[in-house]
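Only one structure is covered here, and it is reproduced in the block below.
Computed from the coordinates by the stated procedures, all read-outs in this text should not be read as laboratory data. Source: prediction; values computed, not measured. Here the Cβ is made from the backbone with ideal geometry for all residues, glycine too, and neighbour counts use every protein chain on show.
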Amino acid sequence: MNMHRRVPTLVALVLASVSAAPLLAQGTSVLPIADVKTRSAVQREIARAESKGLPTQPLVAKAMEGVTKQATGEQIRDAVSSLAKRLEQARALLAPSPSAAEVASGADALRAGVPAPMVKKIRAAWPADQSVVMPLDVMTELVARGIPASRALERLTSLMAKGATPSQIAALGSSVQSDVAAGLAPDAALEVRARGVMSLLNSPAAGASLAPTGQRPPR
Amino acid sequence: MIRHAALGLLLIGAATRSVAAQALPEVRLEAGAARLRQPGLGARGGEEASDAALFGIFWRLPTERWTLYTSGNLTYARDSLAAAQGVAALSLPWGRRSNFRTDLGVAGAVFSLSGAGDGGNTNGFARQHYVLENGGAWGGATAATTLRGTRWNAASAFDLGGWSRFGFLYGSLSLSRLYATDALLFETAGLLLENESGPFEFQDAQLVLQLRGGPHDITASLTRRQTIAGAEFSQNALYGSATLQLTDRVALIGGAGRQLADPVRGLPQADIITASLRVSLGPKPLPVMQRSTIADATVEPLAGGGGGELVVRVFSAEWLEVEVAGDFSEWRPVPMEREGSYWVARIRLRSGKYHIGVRTNQGPWRAPRNLARVRDDFGGESGLIVVP
């Protein structure tokens, strides 16, 4: 029995190390930045982030985005440095122990214009043992669509309080996107869709099926 | 003068894209033909026109801190005019996020003008810009000297202007005060002067309107000149031009109208009709026909839940190269496949948030039109999509 458990664990470890290898190599030595000064500055920034325990993959991705978009060396350095600062800020806002994905989502939310206190509120409104990535991502998308952050937060936290699941939160974002594509104003789309999810959450049948995953744990 | 006006518009154009995220070195060659008529010349007082050949080269070299613009032009008009002209201008932003920019430049020309003598011109200019996203203002000064035969003529100009953008329409309005001693230049325009030694003082008001659609543009320039001292006349001049980008590297440029005498650059008044071909060289050609590129991105949920298939569709010509990139590809460009009239990419993604960009022919990265847009830290934007 124990052997059976160890084999999948070993396989998972090997797979994890294989999939992580290109990323690590990219982050440390083979960033395709032609300018030596820029490459060194970005590598230093990544090393500094790593030493602080911050996720480095978003920094590598940001540098790659700059390279692909033919940004100047100065722009790439500034972008990576700003992102490192946002990651640090997001980690503090999502304390005590956010995952790398949560920190990255928090940093993106800040970049999109979600005010820092709201990032904190989203964390507080979501069960502490569940990843807050999806609520943060949907909040980011709604704000990027031009919906006032306070209204988006109000709708999201109402759904969270009623026990919405991550997939329901995500569906809210997709539905708003479809409505906007169909010509509805973003905030009107949010109102309509949030009410739709809310009505589902209020129904006894849905409540029963959603409760185990979505409700806040008892304090 | 046409070339200087073009350079001015180029500098304004560069200012509107001051972030320069997509700025690349560029070399353009231009060749064309023109028909010129100078009102004070010819057997019947300006009724005689002459044909001209035009050759030009333009080079832009952007760096992180400044952009160098240089251009050279050679004009030869049968029986009336031959000129070689060079311009070098340095555009210096005061900082990456500053709204201020200083342009400094020098220009020189040698010419042989029928009725206006052989000689040369040299001038230097400085212009201070204040640039916002959709508008700006500038003030500048130019000092020049022109040698015509054995006589040196001085000229200077001070100008103030502002420009604004309303969607596809760009407009600028400027006022210039000019001082000159070049009597011969005005006489070739058929103008009556109070004396032959000057000085002459003029005031020009110029309105420029430009319609831009992707790399194409139509420009109209209306100039009103009034004398202040040394002569008594007023003139109006209208000049129109259009640029049609035929391929990613080749553009057709045409123009017609009147150019007033320019004492600062030593160029005579002329009525001009011109057509030329411009070829862009360099590492990356201009993006072509952006307006014909319409991109959409949607997510089809995968059976069984968790993740989805991102489908990006770009309605664009078959002969264009179309790519998509984003976090999902670590921003490595992924070529799209042709399906009917569309370029399509289908990418399986896990649940999460993704930034996406689409580009055609190595042009700027754009967000698909139906997605939320976020600034990308490089002066551009990315589309944002959340996969349930």
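Separation of region A:81-107 from region B:332-353 is 30 Å, based on Cα centroids. Taking 28 Å as the straight-line reach from the Cα of residue A:69, the lysines in range (excluding those fewer than 8 positions away in the same chain) are A:37, A:85, B:284, B:353.
Under the classification rounded if a/c is under 1.5, otherwise prolate if a/b is larger than b/c and oblate if not, where does region B:219-284 fall, given a ≥ b ≥ c as square roots of the Cα gyration tensor eigenvalues? Here region B:219-284 falls in the prolate category. Averaged over residues, the count of other Cβ atoms within 10 Å places the peptides A:76-88, B:355-367 in the sequence B:355-367, A:76-88, highest first.
Taking a ≥ b ≥ c as the square roots of the eigenvalues of the alpha-carbon gyration tensor, region B:290-387 is classed oblate because a/c is 1.5 or more while a/b is no larger than b/c. Computed on the Cα trace of region A:43-93, the radius of gyration divided by the Kirkwood hydrodynamic radius gives Rg/Rh = 0.98. Peptide B:270-278 has a mean of 0 when you count, residue by residue, the C-beta atoms of other protein chains within 10 Å of its C-beta.
Each peptide in B:236-245, B:102-111 was scored by the mean count of other Cβ atoms within 10 Å over its residues; highest first, the order is B:102-111, B:236-245. Taking amide H as placed 1.01 Å from N in the peptide plane, residue B:281 has its amide H under 5 Å from the amide H of B:27, B:28, B:29, each at least 5 places away in sequence or on another chain.
Averaged over peptide B:228-238, the number of partner chain Cβ atoms lying within 10 Å of each residue's Cβ comes to 0. Each residue, residue B:228 and residue B:160, gets one label point 7 Å from its Cα in the Cβ direction; the gap between the two is 1.1 nm. Neighbouring Cβ atoms from other chains, within 10 Å of the Cβ of residues in A:67-79, number 6 on average. Listed by chain and number, the aspartates and glutamates whose alpha-carbon sits under 20 Å from that of residue A:52, ignoring those within fewer than 8 places in the same chain, are A:78, A:88, A:102, A:108.
For region A:56-67, 3J(HN,Hα) computed residue by residue from phi via the Karplus equation (6.51, -1.76, 1.60; θ = phi - 60°) reads 9, 4, x, 5, 4, 4, 5, 4, 5, 4, x, 4 Hz, glycine and proline entered as x.
Overall, the anisotropy analysis places region B:324-379 in the oblate class: the square-rooted eigenvalues a ≥ b ≥ c of its C-alpha gyration tensor yield a/c not less than 1.5, with a/b not exceeding b/c. Computed packing ranks the peptides B:29-38, B:372-381 as B:372-381, B:29-38, most packed first, by mean other Cβ atoms within 10 Å.
Full extension of the segment from residue B:211 to residue B:94, taken as 0.36 nm per residue of separation minus the current Cα-Cα distance, would add 39.2 nm.
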